[in-house]
Structures are given as structure tokens and as C-alpha cells.
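Asks: There's a structure below that I have some questions on.
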Amino acid sequence: MVAKPESHPAFESLDRFAITEMRPPTSPAGVVAPFYNLVRDSAAPPLSYQIAQAILGREKGKVLIVTGLVDAVRFPCGEIDGPIGSIALARALTLLGFDVTIIVDAEAMAPIQSIMDAADLPAVTLRRADLPDTESARRFGAGFDIVVAVEKLGRNSRGTRHLVWGTLVDVGDPYGDDYVQAGADSGALTIGIGDNGNEIGFGNIREQAEPLTPAGVSVAGGFFAATLVDYLFPASVSNFGCYTLVAALAICAARGDLVLDGEQIRRWTEVGLDAGLRSGGVDDVAFRGDDGIPTRFVAATAEIMAGIVHQALLGAPWVAKDLVKEAHTQ
């Protein structure tokens, strides 16, 4: 095999951290890197670079971030994964000049509002999902230029939503897919960020990913969500996917101020947990962390991503000689 240098080293590093698993034994393992490899063409740049460039290539218009995962038993007030990353992404997009709205399940509105208050983001609109029907939801979604779904359960081929164990979910906002589809139909850029495959966006790889269905789980209509997006970004934790995208935006825009450090993420996570959000990935409802990862390691991951941005913004990378030759011949 001939060694080939990387053309976007900082973004490759970000993506590696995004898909690095440190899951507890109660979560599906060994699937995120395969998801990523199904999404990314071998000749294409890192996914975080592709998505950041697609966002920055748009006019500074209206962005909708769709997040929140609720279940009557496991997550009655919502899951911690999704809202933290969505707020981090909303903050970055607002600083870049976009008009950002986050829409969340009614059941999760109060704890997510607590995080918003701690983040002090008056320019970001937090909206309760209270639309009465599909037509209203589609009309709402069609009003945005970019629609991002983060850790949002998506409907499978039979129109049902379910948890990672296959448990059907019939509470929470049922219109996440409709916002995304209506946005796409009206020309919006659509992005899905998820970690297990039952989230909006995994329709992009639904058939190819079927062998990665969690062992012992069977769902009528298939485990994987069916809705398509322009860009799917699989991550080990959906919040980590958002931190990665924020970091990529920071490098592409040369805006180090977009990035959040580990301490800020730790503080927001603690606020969310104290307000009633719960960690996924574990059975312990009092677990302090995100998707079964203790908070200190969550903060460490965000801190490393901030470090990658810091180093990348010091100057152009010293690339291998083959890339220099390639650049001169183009």
C-alpha cells in the first residue's frame, strides 16, 4: 500500500474524535465508524469540512434546529443528548450572522430553557413544538433556509419512531421529519446528526446499514429512520457531532470565538441534568453524564476539539510533499 497524506488534517482529526466510541456496555458498540464510512465517499473531504462549507456557502438566512428526545418512561423531560449540542451550534451560527430557532418537545421545554438561560443567548429563539397538524408543521419547516435535526427520532419506513431498544415512541413532537422534508422541498440545506441510526437523516444509508442493527432488536419497518437529508453526520454521541461541526465552522471561518471549551460544556450539561434531562445509554436515571459517558470525559472531548481549532488557526498546515506537488500541478 502507498501512503497518501491527508489534505484536510484538522478536519480529519475532528471527525476521528466525533466517531470515537467510549460507550457503556448498555449501548450498541462498533457501529459509528461503519456508519461514517458508509456516508463518506473515499475520495471526498472529511464530513465536518463538507458540512461547514455547505453552511458557510449559504446566505445568512433562517436556520431551524430540531432536537429533543422524550419517552414517557425513560426520558419524561427529555434526553441530555441533542439539546446541549443544538445550543452550541445555535450559538455559533448566530455569531456567524444566521437567525436561529430551536424547536423542542413540549415536555422538554422547561429544562432546555434552563440551559438557554445559563448560555445567555438572547438572539436564539427557543420554540415549543405545539403545531397542531402535519400541514402546519410543513408550512413552518418550509420557512427556513437551513434545517438541522440533532438526535431527533425519525420515522422508519412504516412511519413509526422508536428508541434504540426498539421500544415504540408515541409522545413528544411527531413532526420532526415533516420540518426536514418541507425544508428540503422548499430548497433548504438539510443536515442530520445522530448516533445509533434511528434518528432523522439515516435514511441516507438505511439499506446499507441494515447489518448494523443492534443485536436482538427487531422493529416492523426496520430499525433505521427513513428520512433523507443533504448531509448526514454520524457521531458517537450526537452532541459530539455538534461540537465537531462548530469546530469545523470555526476553522473554515477563522473564528476561534465560535468554539466552546470543556468547562462551558460541563456547566451546560450539569444545568440540563439538574433541570430534569437524563442521560441515554444507561439504565441509571441519576447518571451524571451524556449517553453513558461521565461528564468529565464529555468535557474532555469538547476541550480536545477546542484544542484542534486553536492549533489549526495558528497557520496553514505543513503538509506532506506529495500534496505540495499536487497543488502545483493543478
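The values are calculated or read from the model by the stated rules, or taken from the named source; none is laboratory data. It should be emphasised that the depicted structure is a prediction, and the values quoted were computed from it without experimental measurement. Reconstructed Cβ throughout: ideal geometry from the backbone, glycine too, with neighbour counts over all protein chains shown. Only protein heavy atoms, including side chains, enter the accessible area calculation; ligands, DNA and RNA are left aside. Shrake-Rupley method; radii C 1.70, N 1.55, O 1.52, S 1.80 Å.
Asks: Where the only charges are on Cβ atoms (+1 Lys, Arg; -1 Asp, Glu), what is the dipole of the chain about its Cα centre, to the nearest 20 debye?
Replies: For this selection, approximately 500 debye.
Asks: Could you give the length gained by full extension between S136 and Q113, i.e. 0.36 nm per residue of separation minus their alpha carbon distance, to one decimal place?
Replies: Extra length available between S136 and Q113 comes to 5.9 nm.
Asks: Quick check: at a probe of 1.4 Å, how many percent of the accessible area of the range 96-251 sits on carbon and sulfur atoms?
Replies: 46
Asks: Classify the range 130-182 as rounded, prolate or oblate from the Cα gyration tensor: take a ≥ b ≥ c as the square roots of its eigenvalues, call it rounded if a/c is under 1.5, otherwise prolate when a/b beats b/c and oblate if not.
Replies: Values: a/c = 2.30, a/b = 1.71, b/c = 1.34.
Judged from the Cα gyration tensor, the range 130-182 comes out prolate (a/c at least 1.5, a/b above b/c).
Asks: Between the range 289-306 and the range 48-69, how far is it from one alpha carbon centroid to the other, in angstrom?
Replies: 23
Asks: Kindly write out, for the range 161-168 in residue order, the coupling ³J(HN,Hα) from the Karplus curve 6.51 cos²θ - 1.76 cosθ + 1.60 (θ = phi - 60°), rounded to whole Hz, with x marking Gly and Pro.
Replies: Computed from phi, the couplings for the range 161-168 are 10, 8, 6, 5, 7, x, 5, 5 Hz.
Asks: Let me make sure I get this right: for the range 218-295, a, b and c are the square roots of the gyration tensor eigenvalues over alpha carbons, sorted descending. Under 1.5 in a/c it's rounded, otherwise prolate if a/b > b/c, else oblate. Which is it? Provide the component values of the computation, followed by the final result.
Replies: Working: a/c = 3.03, a/b = 1.11, b/c = 2.74.
Oblate shape, in that a/c is at least 1.5 and b/c is the bigger or equal ratio.
Asks: Which of the GluC sites (Glu not before Pro) found in the range 40-132 are loop residues per DSSP with 15 or fewer other Cβ atoms within 10 Å of their Cβ?
Replies: E59
Asks: Something else now. Give a residue-ordered list of calculated ³J(HN,Hα) values for the range 250-257 (Karplus: 6.51 cos²θ - 1.76 cosθ + 1.60, θ = phi - 60°; whole Hz; x for Gly, Pro).
Replies: Using θ = phi - 60°, the values come out as 4, 5, 4, 8, 6, 10, x, 6 Hz.
Asks: Now for a separate question. Leaving out ligands and nucleic acids, note down the accessible area per residue over the range 111-195 with a 1.4 angstrom probe, in whole Å².
Replies: Working: 3350 Å² over 85 residues.
Ligands and nucleic acids excluded, the result is 39 Å² per residue.
Asks: On C-alpha positions alone, give me the angle between the axis of helix 295-312 and the longest principal axis of the chain, in degrees, nearest 10.
Replies: 30
Asks: Which angle from 0 to 90°, rounded to the nearest 10, does the C-alpha axis of helix 83-95 make with the longest principal axis of the chain?
Replies: Helix 83-95 sits at roughly 50 degrees to that axis.
Asks: Now a separate question. Skipping prolines and chain starts, which residues have an amide H placed within reach, meaning under 5 Å, of the one on I102, given they are 5 or more residues away or on another chain?
Replies: I65, T125, L126, R127
Asks: Apply the Karplus parameterisation 6.51 cos²θ - 1.76 cosθ + 1.60, with θ equal to phi minus 60°, to every residue of the range 32-47 and state each ³J(HN,Hα) to the nearest whole Hz, in sequence, with x for glycine and proline.
Replies: Working through the residues one at a time gives 5, 4, x, 4, 4, 5, 5, 6, 8, 5, 4, 9, 8, x, x, 4 Hz.
Asks: Taking chymotrypsin sites (Phe, Trp or Tyr not before Pro) that fall in a DSSP loop and have at most 14 other Cβ atoms within 10 Å as cut points, what is the longest piece of the chain between them?
Replies: Numbers: sites that count: W165, W318.
After excluding every exposed loop site, the longest remaining stretch is 1-164.
Asks: While we're on this one: Please state the shape class of the chain: rounded when a/c is under 1.5, otherwise prolate if a/b exceeds b/c and oblate if not, all from the C-alpha gyration tensor.
Replies: Details: a/c = 1.39, a/b = 1.33, b/c = 1.05.
It is rounded, given that a/c, with a ≥ b ≥ c, falls under 1.5.
Asks: I would also like to ask the following. Could you please state, rounded to a whole Å, how far the C-alpha centre of the range 1-45 is from the C-alpha centre of the range 112-131?
Replies: After rounding, the separation between the Cα centres reads 32 Å.
Asks: Can you give me the distance in nm between label points at V171 and A220, each placed 7 Å from the Cα along the Cα-to-Cβ direction?
Replies: Label at V171, label at A220, 2.3 nm between them.
Asks: Still on this structure: Do any trypsin sites (Lys or Arg not before Pro) in the range 1-68 lie in a DSSP loop with no more than 16 other beta carbon atoms within 10 Å, and if so, which?
Replies: Working: sites: R16, R40, R58, K60, K62; in loops: R40, R58, K60.
Passing sites in the range 1-68 are R58, K60.
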